[in-house]
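Below is one structure, written out as structure tokens, with a few remarks after it.
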Amino acid sequence: MKYLIVGLGNIGEEYRDTRHNIGFTILDAMALASNISFNDKRYGAVSEYKYKGRTLILLKPSTYVNLSGNAVSYWLKKENIPVENMLVIVDDLALPPGSIRMRPKGSDGGHNGLAHISAILGTTEYPRIRIGIGSSFQKGGQKDYVLGTWDPQEKKFMNERISIVIEMIKSFSFAGLDRTMTAFNKAAKLPPHGTEPITDKSVSK
């Protein structure tokens, strides 16, 4: 069975490790840990990850965030993957930094990438993982904040959270959406006093 795992972000070195590129960062970390690499193909950088009989197509669109739907639509059709087997990973200003939330569907929440995907596919009913980046910026500073890089303390904390998202991706392909949300959503919320949450990874082993 095939799955399309889409990490949203912008191409180019100037966007590397920015808050808006958390989707790219997560897929890069997943590929690095699995000793696989991305290849430049139509509409994006693509890699293939095998997990317990499942094939996960990892996609980093090259369309820039605002036109992500073009890449998503192309690869869903090319690989003959149903939309319910797609998982989109995005940043979210409305969630505290490091908070992780998985949903089966929903509005775009003001995220241009999700908005374009929904418009191109004609539906908002596809799974997504939102990664909180917070909103600690002054009025008029949203763009600079979103396209800004993590400070060292933030980056260390986010790297710890990325490992949870990778487990969620694997669980999504093997155990399904509902079981993954049950196992991870509560634990993936920000823990008290900044301590690392204990996640139930039993479904992905």
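The values are calculated or read from the model by the stated rules, or taken from the named source; none is laboratory data. What you see is a predicted model; the values in this text were computed from it and never measured. Every residue, glycine as well, gets a Cβ built from its backbone with ideal geometry; the counts of neighbours run over all protein chains shown. The area values use the complete protein model at the heavy-atom level, side chains included, leaving out ligands, DNA and RNA. Shrake-Rupley method; radii C 1.70, N 1.55, O 1.52, S 1.80 Å.
Filtered by the rule that a residue be exposed (fewer than 14 other Cβ atoms within 10 Å of the Cβ), in a loop (DSSP other than H, G, I, E, B) and touching a Phe, Trp or Tyr at 6+ places or on another chain (Cβ under 8 Å), the range 134-163 gives a lone residue, 136.
Yes or no, residue by residue, for (1) out of contact with any Asp or Glu (no Cβ under 7 Å at 6 or more places or on another chain); (2) of a type in the set (Ser, Thr, Tyr); (3) outside any loop (DSSP other than H, G, I, E, B); (4) modelled with pLDDT of 95 or more:
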{"residue": "48", "(1), (2), (3), (4)": "yes, no, yes, yes"}
{"residue": "55", "(1), (2), (3), (4)": "no, yes, yes, yes"}
{"residue": "73", "(1), (2), (3), (4)": "yes, yes, yes, yes"}
{"residue": "98", "(1), (2), (3), (4)": "yes, no, no, no"}
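For the range 8-16, the criterion of being part of a strand (DSSP E or B), under 11 Å from the mean Cα position of the chain (by Cα) and among the aliphatic types (A, V, I, L, M) is met by no residue. Contact map, the range 43-71: first residue touching a residue at least 12 places away in the same chain (Cβ under 8 Å), second residue crowded, with 18+ Cβ neighbours inside 10 Å and charged (D, E, K, R), Cβ cut-off under 7 Å, separation 6 or more or different chains; pairs are 44/60; 45/60; 51/170.
Within the option set 69, 53, being more than 20 Å from residue 25 (Cβ to Cβ) and in contact with a His (Cβ under 6 Å, 6 or more places away or on another chain) holds for one residue only, 69. Go through the residues of the range 31-40 one by one and say whether even a single one is open to solvent by less than 50 Å² (accessible area, probe 1.4 Å), within 21 Å of residue 69 (Cα to Cα), touching a strand residue (DSSP E or B) at 6+ places or on another chain (Cβ under 7 Å) and not aromatic (Phe, Trp, Tyr). Checked the range 31-40: no residue is open to solvent by less than 50 Å² (accessible area, probe 1.4 Å), within 21 Å of residue 69 (Cα to Cα), touching a strand residue (DSSP E or B) at 6+ places or on another chain (Cβ under 7 Å) and not aromatic (Phe, Trp, Tyr).
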